[in-house]
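J.: Let me give you the structure first, and then I'll get to my questions.
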Amino acid sequence: MEQFLEEVAAYAKAVGRKPQQILRQAIGANWQQWQAWSGGKSSPTLHTADKIRKYIADHPAPNREEEGAA
């Protein structure tokens, strides 16, 4: 679970958004969902985690080296 949260947080930072925004875009989550997960009050199902990981894979963060070369 912690690894998953770290993945989402790292992706959010890489794309310049908050984790809550990523969850909203990926699964339509409410704004409190991230707090519930990171606070240990609830956990995503495997299906939900898979949907978020698919969203991240389908919308990769820009490669900073490529941006500088362009």
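The values are calculated or read from the model by the stated rules, or taken from the named source; none is laboratory data. Given the structure is predicted, the values throughout are model-derived calculations rather than measurements. Virtual Cβ from ideal backbone geometry, glycine too; neighbours counted across all protein chains shown.
One line per residue, one yes/no per condition, for (1) modelled with pLDDT under 95; (2) surrounded by fewer than 14 Cβ atoms within 10 Å (Cβ to Cβ):
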{"site": "E6", "(1), (2)": "no, yes"}
{"site": "I52", "(1), (2)": "no, no"}
{"site": "P62", "(1), (2)": "yes, yes"}
{"site": "E65", "(1), (2)": "yes, yes"}
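J.: Restrict the check to region 6-14 and report whether at least one residue is without any contact (Cβ under 8 Å) to a residue 60 or more places away in the chain and more than 13 Å from the chain's Cα centre (by Cα).
T.: No, that holds for no residue.
J.: Moving on. Any idea which residue in region 1-35 is farthest from D58 (Cα to Cα), counting only those that are assigned to a helix (DSSP H, G or I) and charged (D, E, K, R)?
T.: It comes out as E2.
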